[in-house]
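Inspection log for the structure reproduced underneath, given as structure tokens.
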Amino acid sequence: MHIQRRLGYICSLAISMAMFTSLTAHAQQATVEGLVTGRDGPSMSVKTPDSPRVTVLLSDTTQATEKGGFLGLDRKQLGIASLMPGMSVKVEGSYDSDHQLVARKVTFSRNSFNTAKQIDAGLNPVNSEVAKQSDQLRSQRRDIDQTQQDIAKNSQDIDATKQGLATTTEATNQNTTAIGQTNTRIGTLDTYETKDSITVNFANGRATVSKKDKDQLADFVKQVADTPGYMIEVQGFASTVGSAALNQRLSAERADAVLAIIQQTGVVPMTRILAPAAMGTSNEVADNHTRSGQAQNRRVVVTIVVNKGITGATS
């Protein structure tokens with residue numbers, strides 16, 4: 001009888017410990033949904049309906065999944081480099097001892113990803129209209145230059161062109177203001193200062209990096225790998241030769257080509273790379289009316305930035 005009571009006591013204790021362990025493990029699991037408000041390497045800030053800031057820890061094993069297509073059944077693994085401020089995300093993981101959510105899986109919609117990329121590139125939802133108006137503006141400026149050579153003969157055409165130019169300029173200024181407001185909103189999420197940069201140039205209509213540029217890019221990345229709190233920003237650009245849609249695609253392909261070389265060096269973890277930005281024909285560095293100027297504008301700029309909060313700099 002005494003042995004039976006002791007066995008019953010031991011069984012009850014074992015069941016209680018198993019239930020406690022199960023409940024504890026269950027309590028550590030968590031799922032949050034909200035808006036990404038900041039990225040600093042492996043740390044990501046998410047604003048939820050219940051909290052203005054939830055700290056999410058990312059790692060190379062974290063899955064970043066894009067949902068698209070009918071009922072979101074089309075899924076694509078993009079990697080944590082695709083996570084950027086402005087995205088609506090669902091994070092699944094567990095809390096650590098510092099109450100930081102260690103992400104196992106991050107899910108987002110294709111529309112949310114595309115919108116965030118537009119914001120990151122300094123664009124707004126009417127970027128295609130801006131591109132069309134920019135093309136029209138450049139065309140009308142060339143017409144003005146040609147017309148002014150024989151102003152006495154073509155004065156009526158000049159007046160009509162100037163009137164159209166004024167209308168287009170006004171519309172472009174309105175869109176530029178909207179772009180500036182978007183940049184200001186995203187710029188307040190994280191404040192960085194530039195430490196160094198390197199420029200890679202491309203042939204017309206091409207997105208292939210030369211061997212010389214590959215070697216220089218690899219050396220550049222290796223030199224900054226020990227910089228505390230660094231992030232790598234990759235921005236692709238195009239000249240105005242060709243249509244706006246073609247130049248937008250070329251700038252994206254050039255940025256992706258340079259990003260692939262950076263990853264191949266093996267010294268930069270994915271958590272230190274910002275999503276590549278396709279800037280199209282914006283931010284010209286030279287005159288697009290000359291071949292040498294066009295060659296300078298066909299480029300990718302790789303910039304090393306450091307969070308001011310880490311370096312102690314002030315805004």
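For this structure, a couple of remarks:
- Selection over segment 97-114 of residues that are modelled with pLDDT under 90 and of a type in the set (D, E, K, R) gives a count of 2.
Okay, residues lined up against (1) closer than 23 Å to Val305 by Cβ; (2) loosely packed, with under 15 Cβ neighbours inside 10 Å; (3) at pLDDT 85 or above; (4) under 27 Å from the mean Cα position of the chain (by Cα):
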{"residue": "Pro52", "(1), (2), (3), (4)": "no, yes, yes, yes"}
{"residue": "Leu58", "(1), (2), (3), (4)": "yes, no, yes, yes"}
{"residue": "Glu66", "(1), (2), (3), (4)": "no, no, yes, yes"}
{"residue": "Lys76", "(1), (2), (3), (4)": "no, yes, no, yes"}
{"residue": "Leu83", "(1), (2), (3), (4)": "yes, no, yes, yes"}
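- Screening Thr303 with (1) surrounded by 15 or more Cβ atoms within 10 Å (Cβ to Cβ); (2) at pLDDT below 90 gives one miss only, at (2).
- Count of segment 87-118 residues, restricted to those that are surrounded by fewer than 21 Cβ atoms within 10 Å (Cβ to Cβ) and under 30 Å from Ser282 (Cα atoms), is 9.
- Just one of the listed residues (Thr227, Thr240) is under 20 Å from Ser292 (Cα atoms) and either in contact (Cβ under 8 Å) with a residue 12 or more places away in the chain or of a type in the set (D, E, K, R) (or both), namely Thr240.
- Scanning segment 276-286 finds one or more residues that are open to solvent by less than 30 Å² (accessible area, probe 1.4 Å), part of a loop (DSSP other than H, G, I, E, B), free of Cβ contacts under 8 Å to residues at least 40 places away in the same chain and over 30 Å from Ile80 (Cβ atoms).
- For segment 1-34, a tally of residues being modelled with pLDDT of 90 or more and open to solvent by 70 Å² or more (accessible area, probe 1.4 Å) returns 2.
- Taking the criterion of being part of a strand (DSSP E or B), modelled with pLDDT of 90 or more, surrounded by 18 or more Cβ atoms within 10 Å (Cβ to Cβ) and of a type outside the set (A, V, I, L, M, F, W, C), the residues of segment 199-242 that qualify are Glu233, Gln235, Gly236.
- Flag for Val267 being of a type in the set (A, V, I, L, M) and either closer than 19 Å to Gln133 by Cβ or in contact with a strand residue (DSSP E or B) (Cβ under 7 Å, 6 or more places away or on another chain) (or both): no
The values are calculated or read from the model by the stated rules, or taken from the named source; none is laboratory data. Note that this is a predicted model, so its numbers are computed, not measured. Don't worry about glycine lacking a Cβ; one is built from the backbone with ideal geometry, like all the others, and counts go over all protein chains shown. Heavy atoms of the whole protein, side chains included, go into the accessibility calculation; ligands, DNA and RNA do not. Shrake-Rupley method; radii C 1.70, N 1.55, O 1.52, S 1.80 Å.
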